[in-house]
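Everything on this sheet refers to the single structure shown next.
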């Protein structure tokens, strides 16, 4: 439909050029909090939407993960063996049936939809203002991991907790190279489509657990 | 349902007579207004943020043709295919062609108002395609065979009992429940298999970033992510006005959108798609398409004042705060977009001859303009369109179509009377002396009200006798 393209663009070009010089500047608040305050705000926002935040450390996260899996009744856990966290999990699996993301491509979708109880992903960082995780899924940690299984466990290193989304985009210069899919995740899946009443676990994970690792 | 001016009065009367639906809207709108307010505790900061949002959208519109070309070039470089459509029919045909090129017969849909504008479901079903809505509200409406009544909360007119009844009728095997969590879990179970097996997923777009070639989707349920991640083909449909220049402009727009729409600091998911699956990636669609729809937008673009309509980010705050919308509900409008944004957008898109009566569905209280996150002066635009409906020199299609000679004559007489002191004095004299002759009935106005009668003495006359107290 290149014809449609030309006609649409021609009409837009024929129109008088809108003048925006008279529109005054506004501003976005850009709060800056110290780490404790960022953690407090992140945790408050996350728990307000029924996500769980477990504060842990580089030495104790494995026990925390084990406890989370046990409580969620996860018989298996999908994870990437490539990250330092994954290496540790491979050495000392927190569940009876660990499954790595190295499984064959043609089995991927079926396994995710029918077998996996919980998936563990790392994160690019977090956002304190809104209680948000940033994920850039990749070959090692594909997109469906944080979407299809009923439980999503996410590892967030406290040092990667930004104040705001704006700050994170600017600091990491997202505009220089966006991945196939970038995600902000702020809690388990929910809906208010019936009577504006919140119901959790609609199409995505029913539970979101954040392992917040602090040195 | 009649979708033009013809049935508007009837639809309003029916809506006002339906107490159950009125109650559902009142409760929901009260909740939405309060939640929005809770998230804008500081009025000054809110105004500044609205100004910021307005500027982003206005400046994007100021070089819309260039941004659309930049967006297209970036998307193509990223591996996303771009299609242009002037009309809904063209857009529908593009979607169908893509499906047929894959031999696909099933589609799963995330929520998209542009697809409603296209009448996509109906079109595809006529061509033998199985289309399934996956947003909970849209899923409910598809079962009921109804259009959305709100652009963000499409099934807001229904209460849980009506939805429970609908589920009982459509899914007799599922145990009856009026519990919202159980109803939601039933929908989850029903839709899971369909996500897994659908051949094509369709979504709308909240923001399209020209700088990076990124399609942004805002949602809570995860059905949008499912529809854009699991099927092998993803088709996104959007209006040409959704493009913004830079990625750094997205965070403030997202904040404005989620706070204004549902009073959330952020939604559960913000899904940014910049390319199809890359080699080595295990999931995500192998093909991503974007359909850019005009459907009257480039016409709106040509007027410097009406252009503001295109800033809309579809948050629905204008309808949540509209006293008319809250009372008559979304279906009474008979259009895809209801409420204040609908009554300015639909007549510009579809013509004042067909949709001009919508502009009368406002008391001009100004609430819509005050809450709009991108400061669209909706009340002024309503006035402008009312004027154009009565004057054939307007730029909007169907201008002058509501012009009535009798009404025009009446206003001419009024204007003459008020410009000529002698005539004015004669008229007031006649009106006060002959006041008993004033008609007791004045059409629909006096159906529920007493007709006004002129006073025995005019205000001028009274002032002359009693003097004016300037204190």
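A few points about this structure:
- The residues on offer are A:172, A:145, and the sole one that is within 12 Å of chain B (Cβ to nearest Cβ) and within 23 Å of residue B:229 (Cα to Cα) is A:145.
- Residue match in segment A:18-35 (condition: part of a helix (DSSP H, G or I) and either more than 14 Å from every other protein chain (Cβ to nearest Cβ) or closer than 30 Å to residue A:173 by Cα (or both)): yes
- Failed criterion for residue B:161 (all others in (1) within 15 Å of residue B:20 (Cα to Cα); (2) in contact with a helix residue (DSSP H, G or I) (Cβ under 7 Å, 6 or more places away or on another chain) hold): (2)
- Only residues that are touching a strand residue (DSSP E or B) at 6+ places or on another chain (Cβ under 7 Å), farther than 19 Å from residue B:285 by Cα and assigned to a helix (DSSP H, G or I) were counted in segment B:183-224, giving 1.
- The set of residues in segment A:1-34 being surrounded by 18 or more Cβ atoms within 10 Å (Cβ to Cβ), more than 23 Å from residue B:308 (Cα to Cα) and out of contact with any strand residue (DSSP E or B) (no Cβ under 9 Å at 6 or more places or on another chain) is empty.
- Strands (runs of 3 or more DSSP E) within segment A:139-215 that include 1 or more residues over 30 Å from residue B:140 (Cα atoms): A:151-157, A:207-213
- Among the residues of segment B:286-295, those that are surrounded by fewer than 24 Cβ atoms within 10 Å (Cβ to Cβ) and either facing chain A (nearest Cβ under 7 Å) or in a loop (DSSP other than H, G, I, E, B) (or both) comprise B:286, B:295.
- Top-ranked residue of segment B:196-214 - restricted to ones that are at the interface with another protein chain (Cβ under 10 Å from one of its Cβ atoms) and surrounded by 24 or more Cβ atoms within 10 Å (Cβ to Cβ), ranked as farthest from the chain's Cα centre (by Cα): B:213
- Residue tally, condition free of Cβ contacts under 8 Å to residues at least 60 places away in the same chain, under 16 Å from residue B:252 (Cα atoms) and in a loop (DSSP other than H, G, I, E, B), over segment B:263-285: 2
- Among the helices (runs of 4 or more DSSP H) confined to segment B:353-469, the ones with at least 3 residues that are at pLDDT below 95 are located at B:405-419, B:421-433, B:459-466.
- Odd one out for residue B:178 among (1) within 30 Å of residue B:68 (Cβ to Cβ); (2) part of a loop (DSSP other than H, G, I, E, B); (3) within 13 Å of chain A (Cβ to nearest Cβ): (1)
- Verdict on residue B:403 being surrounded by 11 or more Cβ atoms within 10 Å (Cβ to Cβ), free of Cβ contacts under 8 Å to residues at least 40 places away in the same chain and more than 30 Å from residue B:60 (Cβ to Cβ): yes
- Pairing residues of segment B:446-471 that are surrounded by 13 or more Cβ atoms within 10 Å (Cβ to Cβ) with residues that are assigned to a loop (DSSP other than H, G, I, E, B), at Cβ distances under 7 Å and at least 6 apart in sequence or on separate chains, gives B:453/B:438; B:454/B:438.
- Residue in segment A:104-121 that is crowded, with 22+ Cβ neighbours inside 10 Å, within 13 Å of chain B (Cβ to nearest Cβ), on the phi < 0 side of the Ramachandran plot and in a helix (DSSP H, G or I) present: yes
- Total residues in segment B:296-330, condition assigned to a loop (DSSP other than H, G, I, E, B) and either in contact with a strand residue (DSSP E or B) (Cβ under 7 Å, 6 or more places away or on another chain) or under 21 Å from residue B:227 (Cα atoms) (or both): 1
- Residue check for residue B:156: within 14 Å of chain A (Cβ to nearest Cβ), assigned to a helix (DSSP H, G or I) and either under 22 Å from the mean Cα position of the chain (by Cα) or closer than 30 Å to residue B:211 by Cα (or both): no
- For segment B:225-245, taking the residues that are in a strand (DSSP E or B) and under 16 Å from residue B:102 (Cα atoms), the one that is farthest from the chain's Cα centre (by Cα) is identified as B:233.
- Whichever residue in segment B:234-252 is facing chain A (nearest Cβ under 10 Å) and in contact (Cβ under 8 Å) with a residue 60 or more places away in the chain and, among such residues, is nearest to residue B:321 (Cα to Cα): B:252
- Test result for residue B:299, more than 30 Å from residue A:142 (Cα to Cα) and surrounded by fewer than 22 Cβ atoms within 10 Å (Cβ to Cβ): yes
- When residue A:88 is tested against the conditions (1) more than 25 Å from residue A:204 (Cα to Cα); (2) touching a strand residue (DSSP E or B) at 6+ places or on another chain (Cβ under 7 Å), the lone failure is (2).
- Only residues that are more than 7 Å from every other protein chain (Cβ to nearest Cβ), without any contact (Cβ under 8 Å) to a residue 24 or more places away in the chain and in contact with a strand residue (DSSP E or B) (Cβ under 6 Å, 6 or more places away or on another chain) were counted in segment A:177-215, giving 1.
- Going through (1) within 11 Å of chain A (Cβ to nearest Cβ); (2) farther than 21 Å from residue A:191 by Cα; (3) surrounded by fewer than 20 Cβ atoms within 10 Å (Cβ to Cβ) one by one, residue B:169 falls short only on (1).
- For segment B:222-233, the criterion of being surrounded by fewer than 24 Cβ atoms within 10 Å (Cβ to Cβ), touching a residue at least 12 places away in the same chain (Cβ under 8 Å) and in contact with a helix residue (DSSP H, G or I) (Cβ under 8 Å, 6 or more places away or on another chain) is met by at least one residue.
- Members of segment A:174-198 found to be surrounded by fewer than 21 Cβ atoms within 10 Å (Cβ to Cβ) and under 27 Å from residue B:247 (Cα atoms), listed by number: A:175, A:176, A:177, A:179
The values are calculated or read from the model by the stated rules, or taken from the named source; none is laboratory data. Remember, predicted model here, so these are calculated numbers, not experimental data. Virtual Cβ from ideal backbone geometry, glycine too; neighbours counted across all protein chains shown.
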